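Trainee: I'd like to ask you about the structure that follows.
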Amino acid sequence: FEPSGRMHIAQGVMKALNVNKLTKSGCIFKFWVADWFALLNNKMGGDLKKIRVVGEYMIEVWKAVGMDMSRVQFLWSSDEINGRADEYWPLVMDIARQNTLKRVTRCSQIMGRSEADDLSAAQIF
């Protein structure tokens with residue numbers, strides 16, 4: 001999830017119910033906290049510390065509505081990317097080398113953007 005502000009009912013209660021169903025059946029549920037991607041999308045004014053606070057707030061809301069945290073893990077993208085930089089950055093560079101700007105921009109529609117949007121370079125890639 002991308003920490004981006006206040007949580008709505010589907011993010012809170014419904015997600016807790018669905019995660020609890022999965023963990024009750026024996027799954028370990030891993031949340032990918034997309035803090036770096038929130039930074040790229042200029043959430044919380046592009047302040048990574050504020051984004052982290054919002055992510056922690058969302059975790060507290062899930063606890064408050066009854067999400068069973070015993071089989072839930074939270075993986076912060078900033079921690080995962082920094083901790084595995086030797087794997088991550090060569091992959092990013094390889095993807096960047098093998099794709100044209102036109103193709104990457106065309107794929108931005110998948111991410112809820114249009115080719116006509118005024119995007120920063122970080123949002124394009």
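The values are calculated or read from the model by the stated rules, or taken from the named source; none is laboratory data. Note that the coordinates shown come from a computational prediction; the quantities given were computed from them, not determined experimentally. Every residue, glycine as well, gets a Cβ built from its backbone with ideal geometry; the counts of neighbours run over all protein chains shown. The accessibility values were calculated without ligands, DNA or RNA, using every heavy atom of the protein model including side chains. Shrake-Rupley method; radii C 1.70, N 1.55, O 1.52, S 1.80 Å.
Trainee: Let me cross-check LEU91: its accessible surface, 1.4 Å probe, with only protein heavy atoms counted, in Å² to the nearest 10?
Mentor: 100
Trainee: Go through TYR88, TYR57 and list them by solvent-accessible area, largest first, probe radius 1.4 Å. Don't skip to the end; give the middle numbers.
Mentor: Details: TYR88 65, TYR57 95 Å².
Correct descending sequence by accessible area is TYR57, TYR88.
Trainee: Still on this structure, please answer the following. For LYS102, what accessible area in Å² do you get when you roll a 1.4 Å probe over the heavy atoms of the protein chains, rounding to the nearest 10?
Mentor: 150
Trainee: In percent, how large is the relative contact order of the stretch 9-71, given Cα pairs closer than 8 Å and 6 or more residues apart?
Mentor: Values: 41 pairs, mean separation 28.8, N = 63.
Dividing the mean separation by the residue count of the stretch 9-71 yields 46 percent.
Trainee: Moving to a separate point now. Considering the options ILE81, MET69, THR23, tell which one lies farthest towards the positive end of the dipole of the chain, charges being +1 on Lys and Arg and -1 on Asp and Glu at the Cβ, about the Cα centre.
Mentor: THR23
Trainee: Output the direction-averaged projected area (hull surface divided by four) of the convex hull of the alpha-carbon atoms of the chain, in nm². Please report the intermediate quantities before stating the final value.
Mentor: Details: hull surface 36.2 nm².
Average of the hull's projected areas for the chain equals 9.1 nm².
Trainee: Dipole of the chain, Cα-centred, from +1 at each Lys and Arg C-beta and -1 at each Asp and Glu C-beta, to the nearest 20 debye?
Mentor: Numbers: 17 positive and 14 negative charges, 76 e Å.
Roughly 360 debye for the chain.
Trainee: What are the membrane-span-like helices in the chain by this rule: whole DSSP H runs, Cα extent along the axis at least 18 Å, mean Kyte-Doolittle hydropathy at least -0.5? List each step's numbers first, then the result.
Mentor: On the way: long enough: 48-64 (24 Å, 0.19); 85-98 (19 Å, -0.31).
Helices meeting the criterion: 48-64, 85-98.
Trainee: Would you mind checking which residues have amide H under 5 Å from VAL65's amide H? H placed 1.01 Å from N; only 5 or more apart, or other chain.
Mentor: Placed amide hydrogens put nothing under 5 Å from VAL65.
Trainee: Name the residues whose placed amide hydrogens come within less than 5 Å of the amide hydrogen of TRP76, ignoring near sequence neighbours (fewer than 5 apart) on the same chain.
Mentor: Amide H neighbours of TRP76: VAL33.
Trainee: Ok, one more. Starting at 0 and stepping by 10 Å, how many percent of the alpha carbon pairs of the stretch 4-55 end up in each bin?
Mentor: 24, 38, 29, 8
Trainee: In the full protein assembly as shown, how much of LEU39 is accessible to a 1.4 Å probe, in Å² to the nearest 10?
Mentor: Approximately 60 Å² of LEU39 is accessible to the 1.4 Å probe.
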